[in-house]
Amino acid sequence: MAPPFEGIGAAVRRKEDLRFVSGHGHYTDDINRPGQLHAVIRRSDRPHARIRSIDTAAAAAAPGVVAIYTAADLANIGGLPCGWQVNSKDGSPMVEPKHPVLAEGKVRHVGDPIAVVIAETRQQARDAAELLAIDLEDLPAVATIADALKPGAALVHDAAAGNVCYDWHIGEAGPVDAAFAAAAHRVRLDLVNNRLVPNAMEPRVALGDYDRSTGDYTLYTTSQNPHVIRLLMGAFVLSLPEHKLRVVAPDVGGGFGSKIYHYAEEAIVTWAAGRLARPVKWTADRSESFMSDAHGRDHVSTAELALDRDGRFLALRVSTLANMGAYLSTFAPAVPTYLYATLLAGVYTTPAIYAEVKAVFTNTVPVDAYRGAGRPEAAFLLERLVDVAAAETGIDRVELRRRNFIPRDAFPYQTPVAVQYDSGDYFATLEAAMKHADWAGFPARRAAAAARGRLRGIGMSTYLEACGVAPSKLAGMLGARAGLYEVANIRVHPTGSVTVFTGAHSHGQGHETTFAQLVAEQLGVPVAQVDVVHGDTAKIPFGMGTYGSRSLVVGGSAMVRAMDKIIAKGKKIAAHLMEADVGDVEFKDGRFTVAGTDKSKALGEIALTAYVPHNYPDDLEPGLDETAFYDPKNFTFPGGCHICEVEIDRDTGVVQVVNFAAVDDVGRVVNPMIVEGQVQGGLAQGIGQALLENAVYDADGQLVSGSFMDYTMPRADNLPNFTVATENTMCTHNPLGSKGCGEVGAIGSPPAVVNAVVDALRDFGVRHIDMPATPAKIWAIIAAGQPKMAAE
């Protein structure tokens, strides 16, 4: 009986799941070192204040306290670095204030770390932290973008005039203005993309260790990219050579972007471990995470679309205000610029686009990438605007989209906002989604809902995103302060089993399965004989980590290149053993064969020969172990169509998502089951943003949605059974043809949900509703008046 197919396209069950569901996952908080101390951080409870004094005497005398540190003790270390620079319209660099590890002179948001207490136990450290006497002089705070931009507003940083970090733009304003002047239709929409708290299942943890005998430091941390943390913390904060700093990110319980960044706590415990010559551990609780993990989204935008008499898009004009929070997080400047405005063409042939983005400091938690990172903001703006344009021009919303889609034969397609799409078929994903959603049968379902006294609506989004964030040369020109390649090392052992060492980090994506399937496909090695190692800078040559749906398209492509080298070397060994010319040796299904003969050698035989080279080519070094770096030639561009159907309870305003169909073009699919799981997770987060989640600050800068009592997370009963499918075109510039799937659900779903809600409320004259579309908002709309009759 032939073994089951496990290569590309097989729905192999995830290898790692048994470890997780049986309680054998190994997370950072599971790690404890001999002689370990515990750190608790005293954080600001004020949004903006001057630090007059910190009296540590009572805390220092508390039981178990070993050390207390403030900014004065850390005077010789650097601030947390920002990994991306953006220039303003006039060419001037963004304002980049220091982001201190512990607050220096002022606190600038609720949660800003002021002091760290280190004790024998966590409870002792917590008790002592309460004894710190911190004298703060309140200063005026600006909690919203609008407040921060008011004339004479209090400054978050003295160096940032008007609280502006940068004032950036892309595109040409002249052609856009001319198109608007000549347009038959002009549509304008003001909209907000609400602030979110990532809330990964596992709160952040950091454990610093120091070996006095060697001078080596080790940081165990909940990170999506340990090599990046080593680079940023070693080079810019602690001034440690990289060979003296090891960063380990074991199993990580979700990230969604929030665990990309280098956080103060990582530097604190590493520095303190060296200072005290004992391990130091910090573990966040959930309330602490709400005010210390980077938040996401928080845009305020005005969008305008110009159309001709036939509904053809002529020009798009966008003005966005982006909240940076109190400091620049690691990749924050890139999110509302190069990861947002470059996607404003979407799937449409809009010939002229101009966008300007003003980034603003506020007295709030820093804002950075959250699942999708700029692309959800672009998709929401564009897809809401298209629906409003359809309503105001009287053109059917599906037809308006079709009329403006990029044609199938137009690829590669150069957009007016810098990027060039390599492939796509937006008609195919639209048609498939409409079929799965039974779009044609919706009027009957609406009538049936009305008979039950409920409002029913349907909405769609035809979205596009960019993944991979590459190539490094282009990214560098755009302000990135790091390369964006990936690294893979493939080690074939003497018995033919394989270990993959990858710079991509897995925190829920299923890499241990998907990457093993790549090996099964290319080398013919069963998945069970493939181990995938990641998350340890001492084991992996280098790597840029996991974010932006890059793991397969960049990390997987590096694996393919490394396996190409394995096969090429294997052919030389096989040719020697079988006394053939290298050019006549073929490799397929794990065997090297001399073309036209029955001579054949299995990969395991070649591997054993490579490590026991008794009969071996003279000019070839032993071993079967290859490394490859892969730097993409372009972004990849997944896209698709999401269709949402909702029902609204008139008496309560509660929205129920009753149907959801998502058809995505993610390029070549390695494991369809994992892809479906990734899409479903993204849909849950997108529905959460559209209907439930909202990080709210009051006028004084206090985070009022600072716990799960006030921040509404999506639950199972908020979600329908999803219909998930793919209609794929291949990426043309990476060896796998894959485009990425990790963020598509969170990008396409919010506009589809809000479009459906607006459609359900159409008889109430609703043109737009900002996220989240809460029951309170909807009830107020319904209560404000009776729906208009169809004839009115």
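Along the charge dipole of the chain, which of Pro34, Leu523, Leu455 sits closest to the positive end, that is, farthest toward it, with unit charges on the beta carbon of Lys, Arg, Asp and Glu (+1, +1, -1, -1)?
My answer, from the dipole projection, is Leu455.
Please give the per residue accessible area of the chain, computed with a probe of 1.4 Å over protein heavy atoms only, in Å². Don't skip to the answer; put the middle values down first.
Values: 29250 Å² over 792 residues.
Counting only protein heavy atoms, the per-residue value for the chain is 37 Å².
Taking amide H positions as placed 1.01 Å from N in the peptide plane, with prolines and chain starts having none, which residues 5 or more places from His48, or on another chain, fall under 5 Å of its amide H?
HN-HN under 5 Å from His48: Leu139.
Hey, what's the Cα Rg ratio for the stretch 422-512 versus the globular rule of thumb, 2.2 N^0.38 Å? Can you show the working numbers first?
Values: Rg = 23.6 Å, N = 91, 2.2 N^0.38 = 12.2 Å.
Normalised Rg, Cα atoms only: 1.93.
Calculate, for Glu120 and Arg275, the FRET efficiency according to 1/(1 + (r/R0)^6) with r their C-beta to C-beta distance and R0 22 Å; round to the nearest 0.05.
Values: r = 16 Å, r/R0 = 0.73.
About 0.85, to the nearest 0.05.
In angstroms, what radius of gyration and Dmax does the stretch 62-168 have, counting Cα atoms only?
For the stretch 62-168, the Cα radius of gyration and maximum Cα-Cα distance read 17.7, 57 Å.
Could you tell me how far the Cα centroid of the stretch 703-719 sits from the Cα centroid of the stretch 264-332, in Å?
Result: 19 Å between the Cα centres.
Could you tell me which of Ala628, Thr393, Ala267 has its Cα farthest along the dipole of the chain towards the positive end, charges placed at Cβ (Lys, Arg +1; Asp, Glu -1), taken about the Cα centre?
Value computed over the given set: Thr393.
Run the reach check for Lys601 against lysines, Cα to Cα strictly under 23 Å, same-chain hits fewer than 8 apart removed. What comes back?
Straight-distance partners of Lys601: Lys565, Lys569, Lys571, Lys572, Lys588.
Order 279-286, 662-669 from most to least packed using the mean count of other Cβ atoms within 10 Å.
Numbers: 279-286: 20.1, 662-669: 26.2.
The packing order, highest mean first, is 662-669, 279-286.
With the crude spin-label approximation of a point 7 Å out along Cα→Cβ, what separation in nm comes out for Asp310 versus Lys89?
3.4
Which shape class, rounded, prolate or oblate, goes with the chain when its Cα gyration tensor gives a ≥ b ≥ c as root eigenvalues, a/c under 1.5 marks rounded, and past that a/b bigger than b/c marks prolate? Don't skip to the answer; put the middle values down first.
Details: a/c = 1.78, a/b = 1.09, b/c = 1.63.
Cα axes put the chain in the oblate bin.
Is the shape of the stretch 319-429 rounded, prolate or oblate, going by the alpha carbon gyration tensor and its root eigenvalues a ≥ b ≥ c, with a/c under 1.5 for rounded and a/b larger than b/c for prolate?
Details: a/c = 2.58, a/b = 1.77, b/c = 1.46.
Prolate.
Need the C-alpha centroid separation for the stretch 530-587 versus the stretch 1-65, integer Å.
32
Positive end of the charge dipole of the stretch 583-699 (Lys, Arg +1 and Asp, Glu -1 on Cβ, about the Cα centre): tell me which of Ser600, Asn615, Phe660 has its Cα farthest that way.
Ser600
Once every DSSP H run of n ≥ 4 in the chain is given -39500 (n - 2.57) and the sum is divided by its residues, what mean residue ellipticity at 222 nm do you get, rounded to the nearest 500 deg cm²/dmol?
On the way: 19 runs with 202 residues, N = 792.
Taken over the chain, the calculation gives -7500 deg cm²/dmol.
For a quick protection proxy, order the peptides 37-45, 337-345, 492-500, 227-235 by their average other-Cβ count within 10 Å, most packed first.
Details: 37-45: 21.9, 337-345: 25.6, 492-500: 18.8, 227-235: 23.4.
Ranked by mean Cβ neighbours within 10 Å, highest first: 337-345, 227-235, 37-45, 492-500.
At what distance in angstrom do the alpha carbon centres of the stretch 653-682 and the stretch 384-451 lie from each other?
Distance between centres, Cα-based: 18 Å.
When Lys and Arg each count +1 and Asp and Glu each count -1, what net charge do the other residues less than 11 Å away from Leu231, Cβ to Cβ, add up to?
Numbers: positive: Arg230, Arg481; negative: Glu242.
Cβ neighbours under 11 Å give a net charge of +1.
Shape of the stretch 1-148 from its Cα gyration tensor (a ≥ b ≥ c, root eigenvalues): rounded if a/c is under 1.5, otherwise prolate when a/b > b/c, or oblate? Provide the component values of the computation, followed by the final result.
Values: a/c = 2.89, a/b = 1.38, b/c = 2.09.
It comes out oblate by the Cα gyration axes.
In what order, largest first, do Met434, Met291 sit by accessible area if the probe radius is 1.4 Å? Walk me through the numbers before you get to the answer.
Numbers: Met434 30, Met291 55 Å².
Largest accessible area first, the residues go Met291, Met434.
Please report, as a whole percent, how much of the solvent-accessible surface of the chain comes from carbon and sulfur atoms (probe radius 1.4 Å).
Working: 15090 of 29250 Å².
That share works out to 52 percent.
Could you give the dipole magnitude of the chain about its Cα centre, charging the beta-carbon of Lys and Arg +1 and that of Asp and Glu -1, in debye to the nearest 20?
Details: 72 positive and 90 negative charges, 87 e Å.
With Lys and Arg at +1 and Asp and Glu at -1, about 420 debye.
Taking the DSSP beta bridges in the stretch 414-540 as the whole, what percent of them are antiparallel, to the nearest 5?
Values: 6 of 10 bridges.
In the stretch 414-540, DSSP labels about 60 percent of beta bridges as antiparallel.
If we sort 293-304, 180-191, 758-769 on the protection proxy, mean other Cβ atoms within 10 Å, highest first, what's the order? Walk me through the intermediate numbers first.
On the way: 293-304: 23.2, 180-191: 15.6, 758-769: 17.5.
So the peptides 293-304, 180-191, 758-769, ranked by packing, come out 293-304, 758-769, 180-191.
Near Val594, within a Cβ-to-Cβ distance under 12 Å, what is the net charge of the other residues, with Lys and Arg +1 and Asp and Glu -1?
Working: positive: Lys571, Arg591, Lys599, Lys601; negative: Glu579, Asp581, Asp584, Glu586, Asp598.
Net charge around Val594: -1.
Do any of Lys473/Lys739; Lys244/Lys281; Lys15/Lys259; Lys244/Lys539; Lys358/Lys777 go past 22 Å between their Cα atoms, and which? Write out the running numbers ahead of the final one.
Numbers: Lys473/Lys739 20 Å; Lys244/Lys281 19 Å; Lys15/Lys259 24 Å; Lys244/Lys539 14 Å; Lys358/Lys777 28 Å.
Checking Cα-Cα distances, Lys15/Lys259; Lys358/Lys777 exceed 22 Å.
Search the structure for amide H atoms under 5 Å from the amide H of Ile353, placed 1.01 Å from N in the peptide plane, and list their residues when 5 or more places away or on another chain.
Those qualifying (amide H under 5 Å, at least 5 residues apart or on another chain) are Glu172, Leu316.
Need one number for the stretch 692-792: average projected area of the convex hull over its C-alpha atoms, nm². Write out the running numbers ahead of the final one.
Numbers: hull surface 46.6 nm².
The number I arrive at for the stretch 692-792 is 11.7 nm².
Quick check of the Kirkwood formula: for the stretch 123-235, what is the inverse mean of 1/r over all pairs of different Cα atoms, in Å? Don't skip to the answer; put the middle values down first.
Values: mean 1/r = 0.0470 Å⁻¹.
Taking every pair of different Cα atoms in the stretch 123-235, averaging 1/r and inverting gives 21.3 Å.
Have a look at the DSSP beta bridges in the chain and tell me what percent are antiparallel, nearest 5.
The answer is about 80 percent antiparallel.
The values are calculated or read from the model by the stated rules, or taken from the named source; none is laboratory data. Computed from a predicted structure; not experimentally measured. Cβ: placed from backbone, ideal geometry, glycine included. Neighbour counts: every protein chain shown. In case anyone asks, the SASA skips ligands and DNA or RNA and just uses the protein heavy atoms, side chains included. Shrake-Rupley method; radii C 1.70, N 1.55, O 1.52, S 1.80 Å.
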